[in-house]
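Colleague: Starting off with a structure, shown below.
The values are calculated or read from the model by the stated rules, or taken from the named source; none is laboratory data. Keep in mind the model is a prediction, meaning the values are calculated, not measured. Note that we place each Cβ from the backbone using ideal geometry, even for glycine, and neighbour counts take in every protein chain shown.
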Protein chains: 2
Amino acid sequence: MTEMKPYGTVLIKAAKIMDYLEAQPDQSLQTIAKATNMTASTTIKILDTLVMIGYVQKDKDKTYRLGAKLIRYANKSIEQIDLAEITLPYLEELQKTIDETIHLGILNDNEILYINKLEPKNQTIRMSSKVGITRPLYNSAMGKAVLAEFSAEEVGQYLATHTLVPYTENTITNPLRLAKELDVVRETGVAYDDEEVESDIFCTGVSLKKAAQIVGAFSVSMPKYRLTKESKQLINEALLQTKQTIEKMLA
Amino acid sequence: MTEMKPYGTVLIKAAKIMDYLEAQPDQSLQTIAKATNMTASTTIKILDTLVMIGYVQKDKDKTYRLGAKLIRYANKSIEQIDLAEITLPYLEELQKTIDETIHLGILNDNEILYINKLEPKNQTIRMSSKVGITRPLYNSAMGKAVLAEFSAEEVGQYLATHTLVPYTENTITNPLRLAKELDVVRETGVAYDDEEVESDIFCTGVSLKKAAQIVGAFSVSMPKYRLTKESKQLINEALLQTKQTIEKMLA
DNA sequence: GTTATAATTTCTTATATAGAAAAGGAGGGT
DNA sequence: ACCCTCCTTTTCTATATAAGAAATTATAAC
């Protein structure tokens, strides 16, 4: 057991505050201090500095929230993720075939982080989804596609540390049933989210790998009522075809 | 002259590194250290911590770039900006009238920061613009609309600290000419970007105020060739009408 | 006004940091 | 294969910084 050498204690504490504000905006000093197990005097000093550098914003009512500077960073961060750029033309092509919402995501902190979205051109239904949101691995289409690439050990580790919270009545909350479904995903290469995240929404996802490493996933989302046996088949084939093309580019 | 009390020195240094990586991705330790005037040993320790908390990503070739965690923060940050939520229905309404790209921006660090974008439904031309990008105050439509709300003193301060860099041959680089144009904006309430940021793109913008405070701006962007005397008039009226409606909501 | 509660500042000791220097890679040339 | 150079990483210690208790100031409720 090697002793961890701490460096940047304030930086780590600042990150703790940021993470808390990510989950709970508009909180008072007291609340933040309690939630992060720090004294008020330490907390206010860190918050002052965070406000100074634009990471946090302080409102007139003395509550704190995440700052606009982060929006700038994120824009650059996405630009710096090569995957978004490389995949874009192929996802656009895919959209010409399937006129539905297409998402690109990466694996981040055991969740799917959305980094690009292509909206349908001729459909009028708008789904609420945004770049920057996250979805669990166990119930989203992209998530399951990625989870299916995990080793048995990794899946076990994931299940041991994550509760399968029911988002809808369709959400799979039984680890064994999930494991079985992952077997099917491994066979077919395609993962579904059949109203497991949100009612009426059906998603189909595939993973993206580079040199045996998971680099991300992409998916097609649509209202369930538009799904037919034919469109399902078409989507599966188009996704697998696009996956193959993109992975050839990544190699 | 009250002496500034420093707190969170590492945090401030970390922000300096982040800002550098925002501008220059994929840099080596040496390069980052030199650019930020820090020793390599200090820099690597901060970078290690930044990587640990997900703000920075370290690649196999030992270069550093902004981390995906920032994309999560940004998503929440935008959600926490009430302006985006409040204005959305009105901007959607506006888009039904004018089928062009509509942007919402806020004033951030003397620039316009884009926080929402509504794309045209029936037009096929796609403009490259993203949430998170910034535009100068002196040449963008939203920027000029905001600048026109500055006091003479504030405008002077802005001009003293910012060079009017020519983005295109149409960009106004003469401070006096800009000042004159701002007078017109104050009269009409509407600001133009006539191919001053990008060739072939014409934008019309208005500011948003709450209790005499600038809170943001929004604009319509379109290819110049689509602009007619009639559409220009229509856009101006629709923008001013929408501005009025939104500001009534903000009050 | 009075009281209670929260925000902010001050001050001092314990702690973390900065940077020089040394050690440990990685790569290029011969 | 070996050396040499440049870059990354670790170690170590004087010095600067941070943490927290307590005092002070602001804010809100009554």
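Colleague: Of the residues A:Arg226, A:Arg186, only one is at pLDDT below 95, away from chain B (no Cβ under 14 Å) and surrounded by fewer than 19 Cβ atoms within 10 Å (Cβ to Cβ); which?
Modeller: Numbers: A:Arg186 fails: at pLDDT below 95.
A:Arg226 is the lone residue from the list that is at pLDDT below 95, away from chain B (no Cβ under 14 Å) and surrounded by fewer than 19 Cβ atoms within 10 Å (Cβ to Cβ).
Colleague: OK, next. Filter the range A:41-61 down to residues that are within 8 Å of DNA strand C (Cβ to nearest atom) and either among the basic types (Lys, Arg) or loosely packed, with under 14 Cβ neighbours inside 10 Å (or both), then give me how many there are.
Modeller: 3
Colleague: Look at the range B:5-40 and say how many of its residues are more than 13 Å from chain A (Cβ to nearest Cβ), aliphatic (A, V, I, L, M) and away from DNA strand C (no atom under 13 Å from the Cβ).
Modeller: So the count comes out to 2.
Colleague: Residues to consider are B:Thr43, B:Thr31; find the one that is assigned to a helix (DSSP H, G or I), among the polar types (S, T, N, Q), within 14 Å of DNA strand D (Cβ to nearest atom) and in contact (Cβ under 8 Å) with a residue 12 or more places away in the chain.
Modeller: Result of the check over B:Thr43, B:Thr31: B:Thr43.
Colleague: Moving to a separate point now. Filter the range A:152-195 down to the residues that are closer than 22 Å to A:Leu240 by Cα and outside any helix (DSSP H, G or I) and list them by number.
Modeller: Answer for the range A:152-195, where residues must be closer than 22 Å to A:Leu240 by Cα and outside any helix (DSSP H, G or I): A:Gly189, A:Val190, A:Ala191, A:Tyr192, A:Asp193, A:Asp194, A:Glu195.
Colleague: If only one of B:Leu83, B:Leu70 is at pLDDT 95 or above, of a type in the set (A, V, I, L, M, F, W, C) and part of a helix (DSSP H, G or I), which one is it? Give the steps one after another, and end with the answer.
Modeller: On the way: B:Leu83 fails: at pLDDT 95 or above.
Only one candidate passes the filter, namely B:Leu70.
Colleague: Just give me the residues in the range B:88-100 being buried (at least 18 other Cβ atoms within 10 Å of the Cβ) and within 13 Å of chain A (Cβ to nearest Cβ), in sequence order.
Modeller: Within the range B:88-100, B:Gln95 is the sole residue that qualifies.
Colleague: Another question, then. Which numbered condition trips up B:Lys60, out of (1) more than 18 Å from the chain's Cα centre (by Cα); (2) more than 10 Å from every other protein chain (Cβ to nearest Cβ); (3) over 23 Å from A:Ile115 (Cα atoms)?
Modeller: Condition (3) is where B:Lys60 drops out.
Colleague: Something else now. Can you pull out every residue in the range B:101-117 that is within 10 Å of chain A (Cβ to nearest Cβ) and either in contact with a Phe, Trp or Tyr (Cβ under 8 Å, 6 or more places away or on another chain) or among the hydrophobic types (A, V, I, L, M, F, W, C) (or both)?
Modeller: B:Ile106, B:Leu107, B:Leu113, B:Ile115
Colleague: While we're here: When the range A:62-100 is examined, which residues are found to be within 16 Å of DNA strand C (Cβ to nearest atom) and touching a Lys or Arg at 6+ places or on another chain (Cβ under 7 Å)?
Modeller: Result: A:Tyr64, single match.
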